[in-house]
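The structure under discussion appears below in the form of structure tokens.
The values are calculated or read from the model by the stated rules, or taken from the named source; none is laboratory data. Not measured: the values here are computed from a predicted model. So basically every Cβ, Gly included, is an ideal-geometry build from the backbone, and we count neighbours across all protein chains shown.
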Amino acid sequence: MRAMAGGEKPAGGLAAVGETLRSILRGPGLRRGLGALRWINQDDGFDCPGCAWPEPLRRSRAEFCENGAKHLAHEATRRRLTADFFAEHPIEELLGRSDLWLESQGRLTVPLVKREASRRYEPIAWGEAYRLIAERLAALGSPDQAIFYTSGRASNEAAFLYQLFVRQLGTNNLPDCSNLCHESSGRALVEAIGTGKGTVGLEDFESADLILVIGQNPGSNHPRMLATLLAARRRGARILAINPLRERGLVSFAHPKELRGLLGRGTALADVYMQVRVGGDVALLKGIIKEVLAAEDRAPGRVLDHEFLREHTSGLDALCASLEAISWPELEAASGVPREEIRRAAELYVASERVIACWAMGLTQHRHALANIHEIVNLMLLRGNLGRPGAGLCPVRGHSNVQGDRTMGICERPEAGFLERLGQAFEFQPPSHPGLDSVGAIRAMADGRARVFVALGGNFAAACPDRAYTWAALRGTDLTVQISTKLNRSHLVHGREALILPCLTRSERDVQGGKLQFVTVENSMRVVQRSQGTLPPASPDLRSEPRIIAELAEVVLGDRSQVPWRSLADDYDRIRDRIARVVSGFDGFNQRIRQPGRFTLPSAAHRREFQTPNGRARFHVHPVPRLDMDRGHFLLMTVRSHDQFNTTIYSENDRYRGIRGSRWVLFMNPHDMTEAGLHPGQRVRVTSHFGGETRQLRGLTLVPYRLPSGCTAAYFPEANPLVHAGSFAEGSHTPAYKSIVVSVVAEAD
Ligand SMILES: Nc1nc2c(c(=O)[nH]1)N[C@H]1C(S)=C(S)[C@@H](COP(=O)(O)OP(=O)(O)OC[C@H]3O[C@@H](n4cnc5c(=O)[nH]c(N)nc54)[C@H](O)[C@@H]3O)O[C@H]1N2
Ligand SMILES: Nc1nc2c(c(=O)[nH]1)N[C@H]1C(S)=C(S)[C@@H](COP(=O)(O)OP(=O)(O)OC[C@H]3O[C@@H](n4cnc5c(=O)[nH]c(N)nc54)[C@H](O)[C@@H]3O)O[C@H]1N2
Ligand SMILES: [Mo]
């Protein structure tokens with residue numbers, strides 16, 4: 001491994017173009033690759049399989065980023081995994097391989113089964129696979145003993161059919177990757193403003209004066225957002241970043257689609273960069289709010305939006321009183337940011353008429369995640385930065401359709417109104433008792449309460465916390481079923497019996513009933529649009545997700561279901577007609593999706609209608625979180641590199657952070673390193689501490705990095721063995737992947 005200090009070259013630039021070409025050459029090859037890129041994010045093409053950042057209304061010919069090209073290159077690879085591969089490699093051998101190796105083996109091409117007495121996967125016919133699942137489900141004492149996970153790449157059509165199947169079976173056990181991701185945002189926003197979704201559209205970025213980017217690394221994870229930020233910056237908007245790491249993409253960006261960008265001339269993005277301590281955002285935001293209130297005291301009636309506060313909010317007095325009782329030394333210590341800097345941020349906020357707040361995993365994956373998000377809402381409400389042009393809340397979603405999957409009913413606690421409409425449309429009584437979320441699902445499997453695990457995409461075994469516990473839980477089940485495109489860890493950590501059902505990707509042509517089909521997705525800003533694959537399928541044996549679900553439902557439910565499953569899978573228009581009847585905001589779905597190719601779902605909060613119990617947006621009061629760390633303990637956050645999509649690893653490099661050749665690193669402040677008697681390049685053992693228990697990870701190499709003192713960082717998913725399954729956000733159960741208390745010792749070589 002080679003770790004460089006990490007120069008300050010801007011993000012993007014020619015290197016981004018070079019990386020795009022390299023991934024295309026290695027994956028699908030130049031012809032197929034460039035042919036596919038031409039369709040990505042185009043009206044008549046397919047939605048990028050990467051993140052959920054929206055496309056502008058007027059799309060350019062090349063509407064993708066370096067990382068979007070990588071995601072596509074990896075799913076459109078020429079490499080194929082055939083039955084021979086699985087005959088040659090027993091599961092145990094595959095388990096010893098790295099995530100990078102597994103990912104590079106290519107596309108799954110045939111349905112596979114691991115029989116009880118076998119140590120390998122072998123081919124199985126589709127029909128036999130469905131019957132096996134039906135038998136194992138039928139043997140359960142209750143449908144609540146089965147779990148149906150979803151990852152955020154599933155289309156609206158697939159997600160809708162899946163939840164219908166699961167609810168007809170009789171359970172709400174529909175955990176999803178959102179439980180591991182923005183669940184905290186959804187929960188906190190519902191409490192505060194009555195909706196779990198963001199309130200802004202892309203057009204709001206064209207008139208905002210100030211954009212906050214908190215706990216998010218868009219340079220790697222939402223690269224097209226940098227173009228939006230750059231445009232805003234150029235017309236004079238200010239950008240305020242709050243992040244323990246100085247993320248390259250936020251510091252400076254060279255747009256690869258511009259000549260000056262290609263020449264490596266970057267534009268500084270963040271005007272103010274606050275290097276908060278990991279977990280210090282509540283204190284920091286409270287500090288900013290305290291200064292805003294002080295400014296109002298100095299100029300009464302001129303700082304706060306009194307009319308908005310009076311008509312649309314409640315709870316301000318309690319917030320003001322709580323802030324008076326908190327001292328500056330406490331806020332400075334907890335945030336790690338001096339008061340002077342906090343005051344400057346408050347001045348910037350007060351000087352801005354229209355403010356957007358964006359955030360991602362840096363806020364949602366803490367034990368006090370809901371408090372983090374409530375503090376953002378508190379700050380934004382003070383000046384009525386909600387429900388008017390250029391202002392609002394913007395949780396930046398992860399997977400390209402994670403928001404749509406929720407809209408379609410993938411949720412373990414569905415709304416009563418949704419269930420009622422579903423029941424009416426399909427003439428059955430949906431189960432009303434809550435199901436299991438992701439953390440609950442792990443526990444239920446560990447306790448033997450759940451015996452069958454089905455996953456529509458994703459990589460549960462690698463994405464979830466507490467590896468040893470989660471793996472034992474999965475291994476204790478009767479059957480695990482993975483509907484997947486690529487080989488991953490979750491195929492190798494399986495139940496007594498296991499199935500892999502290979503499916504088409506979004507970029508592939510999906511022909512059903514003799515007709516080319518399209519699907520739909522919803523991006524982070526409530527825009528629903530169509531997505532139609534253009535590449536030939538990787539294998540003739542692949543089936544589409546809607547078809548797999550429909551066929552499975554038919555075999556499993558038999559006479560118990562009146563749903564015309566086959567007919568729905570033959571023509572996705574028929575699925576969309578049903579969606580229009582059940583999901584609000586989708587009236588005339590088939591007509592509307594055909595006209596301009598997209599439409600935006602309404603947001604009551606955007607109209608300043610707050611669907612909370614008292615019809616008002618609510619201020620929340622939370623204490624400053626105590627991170628009770630012993631001496632010599634550090635707070636560890638797990639982050640993504642520039643070369644991965646969640647558990648899918650594309651290379652061992654992380655260009656913007658100057659890392660090459662290994663992901664087994666621990667980033668640490670150089671001063672902390674010296675204090676602890678450690679030195680750069682040393683191999684260390686990291687021990688996490690939670691609830692009196694410890695977890696260990698060996699063999700990480702120390703990399704000195706500009707982080708606030710007391711904070712460390714490592715990569716996800718490598719560091720997941722350290723996250724205790726019981727350490728999650730209060731109120732949302734999102735694992736606290738970013739506040740892991742650890743100690744670090746040198747490892748004897
Ligand atoms: N290329 C690529 N794109 C992706 C993904 C991918 O893996 N690769 N994943 C997708 C998914 S599912 C998601 S959810 C998103 C994730 O997008 P991000 O949320 O940007 O992903 P993370 O790498 O988890 O980065 C979190 C950021 O929060 C900061 N952070 C950590 N702790 C704190 C804290 O306590 N306070 C503050 N203020 N900041 C903190 C970290 O330094 C880091 O910059 O990206 C999506 N897009
Ligand atoms: N320590 C730590 N852990 C984390 C996080 C963190 O920041 N730190 N982040 C969390 C977050 S935000 C998330 S969202 C989760 C992600 O958790 P998941 O969503 O479960 O994981 P992914 O890595 O996105 O799933 C990748 C797999 O999906 C399959 N796949 C890809 N495309 C398709 C498709 O079109 N259809 C189907 N059926 N399958 C497909 C492939 O087989 C691939 O291997 O991880 C969480 N875990
Ligand atoms: Mo995510």
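Scan the range 78-86 and give yes if some residue there is assigned to a loop (DSSP other than H, G, I, E, B) and of a type in the set (K, R), otherwise no. Can you show your working first?
Start the filter on the range 78-86 by keeping residues that are assigned to a loop (DSSP other than H, G, I, E, B), which leaves 78-79, 82.
Imposing the further condition that a residue be of a type in the set (K, R) reduces the set to 78-79.
Yes, the conditions are met somewhere in the range 78-86.
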What's the number of the only condition in (1) part of a helix (DSSP H, G or I); (2) modelled with pLDDT under 95 that P602 fails to meet? (1)
Looking at R302, R310, R298, R339, which one is touching a residue at least 12 places away in the same chain (Cβ under 8 Å) and surrounded by fewer than 20 Cβ atoms within 10 Å (Cβ to Cβ)? R339
Given (1) β-branched (V, I, T); (2) closer than 14 Å to H622 by Cβ; (3) within 16 Å of ligand 3 (Cβ to nearest atom), where does V377 come up short, assuming only one miss? (3)
Can you work out which of the residues in the range 378-403 that are in contact with a strand residue (DSSP E or B) (Cβ under 7 Å, 6 or more places away or on another chain) and of a type in the set (A, V, I, L, M) is nearest to ligand 2 (Cβ to nearest atom)? V396
How many residues, within the range 160-187, are in a helix (DSSP H, G or I) and more than 16 Å from ligand 3 (Cβ to nearest atom)? 10
Just to verify a result, which residue in the range 345-369, among those that are hydrophobic (A, V, I, L, M, F, W, C) and more than 16 Å from ligand 2 (Cβ to nearest atom), is surrounded by the most Cβ atoms within 10 Å (Cβ to Cβ)? A357
Just one of (1) under 23 Å from S220 (Cα atoms); (2) out of contact with any Lys or Arg (no Cβ under 8 Å at 6 or more places or on another chain); (3) charged (D, E, K, R) trips up R235, so point out which. (1)
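With surrounded by 24 or more Cβ atoms within 10 Å (Cβ to Cβ), over 21 Å from I575 (Cβ atoms) and either small (G, A, S) or within 16 Å of ligand 1 (Cβ to nearest atom) (or both) as the only criterion, which of A461, A446, A468 stands out?
Details: A446 fails: surrounded by 24 or more Cβ atoms within 10 Å (Cβ to Cβ); A468 fails: surrounded by 24 or more Cβ atoms within 10 Å (Cβ to Cβ).
Every option except A461 fails the conditions.
Does at least one position in the range 701-724 carry a residue that is among the β-branched types (V, I, T), in contact with a Lys or Arg (Cβ under 8 Å, 6 or more places away or on another chain) and not in a loop (DSSP other than H, G, I, E, B)? Walk me through how you get there before you give the answer.
Residues of the range 701-724 that are among the β-branched types (V, I, T), as a first pass: 701, 703, 712, 723.
Next, from what is left, pick out any that are in contact with a Lys or Arg (Cβ under 8 Å, 6 or more places away or on another chain): 701, 723.
Imposing the further condition that a residue be not in a loop (DSSP other than H, G, I, E, B) reduces the set to 701.
For the range 701-724, residues among the β-branched types (V, I, T), in contact with a Lys or Arg (Cβ under 8 Å, 6 or more places away or on another chain) and not in a loop (DSSP other than H, G, I, E, B): present.
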Looking at the range 525-541, is at least one residue crowded, with 21+ Cβ neighbours inside 10 Å, modelled with pLDDT of 95 or more, more than 29 Å from R97 (Cβ to Cβ) and hydrophobic (A, V, I, L, M, F, W, C)? yes
Restricting the range 716-737 to residues that are within 16 Å of ligand 3 (Cβ to nearest atom) and of a type in the set (S, T, Y), which is surrounded by the most Cβ atoms within 10 Å (Cβ to Cβ)? T734
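Would you confirm, using the coordinates I've provided, whether V741 is part of a strand (DSSP E or B), out of contact with any Lys or Arg (no Cβ under 8 Å at 6 or more places or on another chain) and either within 16 Å of ligand 2 (Cβ to nearest atom) or in contact (Cβ under 8 Å) with a residue 12 or more places away in the chain (or both)? Can you show your working first?
Numbers: part of a strand (DSSP E or B): yes; out of contact with any Lys or Arg (no Cβ under 8 Å at 6 or more places or on another chain): yes; either within 16 Å of ligand 2 (Cβ to nearest atom) or in contact (Cβ under 8 Å) with a residue 12 or more places away in the chain (or both): yes.
So V741 passes the test.
In the range 490-522, how many residues are among the aliphatic types (A, V, I, L, M), surrounded by fewer than 21 Cβ atoms within 10 Å (Cβ to Cβ) and touching a Phe, Trp or Tyr at 6+ places or on another chain (Cβ under 8 Å)? Walk me through how you get there before you give the answer.
Our first condition is that a residue be among the aliphatic types (A, V, I, L, M); within the range 490-522, this holds for 492-493, 498-501, 504, 511, 516, 519, 521.
Right, trim to surrounded by fewer than 21 Cβ atoms within 10 Å (Cβ to Cβ) and you get 511, 516.
The next check asks that each one be touching a Phe, Trp or Tyr at 6+ places or on another chain (Cβ under 8 Å); those that pass are none.
Here the count works out to 0.
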Residues in the range 188-224 that are assigned to a helix (DSSP H, G or I) and within 15 Å of ligand 3 (Cβ to nearest atom) total 3
Among what's in the range 241-278 and is in contact with a Pro (Cβ under 6 Å, 6 or more places away or on another chain), within 21 Å of A62 (Cα to Cα) and among the small types (G, A, S), pick the residue that is surrounded by the fewest Cβ atoms within 10 Å (Cβ to Cβ). G266
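Taking L474, is it within 25 Å of L501 (Cβ to Cβ), without any contact (Cβ under 8 Å) to a residue 60 or more places away in the chain, surrounded by 18 or more Cβ atoms within 10 Å (Cβ to Cβ) and within 16 Å of ligand 2 (Cβ to nearest atom)? Let's see the steps before the verdict.
Values: within 25 Å of L501 (Cβ to Cβ): yes; without any contact (Cβ under 8 Å) to a residue 60 or more places away in the chain: yes; surrounded by 18 or more Cβ atoms within 10 Å (Cβ to Cβ): yes; within 16 Å of ligand 2 (Cβ to nearest atom): yes.
Criteria met by L474.
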Being within 14 Å of ligand 3 (Cβ to nearest atom) and farther than 20 Å from D587 by Cβ is the filter; apply it to the range 392-404 and report the residue that is surrounded by the most Cβ atoms within 10 Å (Cβ to Cβ). N401
Say we look at the range 509-524 and pick out the residues that are away from ligand 1 (no atom under 16 Å from the Cβ) and within 23 Å of the chain's Cα centre (by Cα); which of these is farthest from R547 (Cα to Cα)? T520
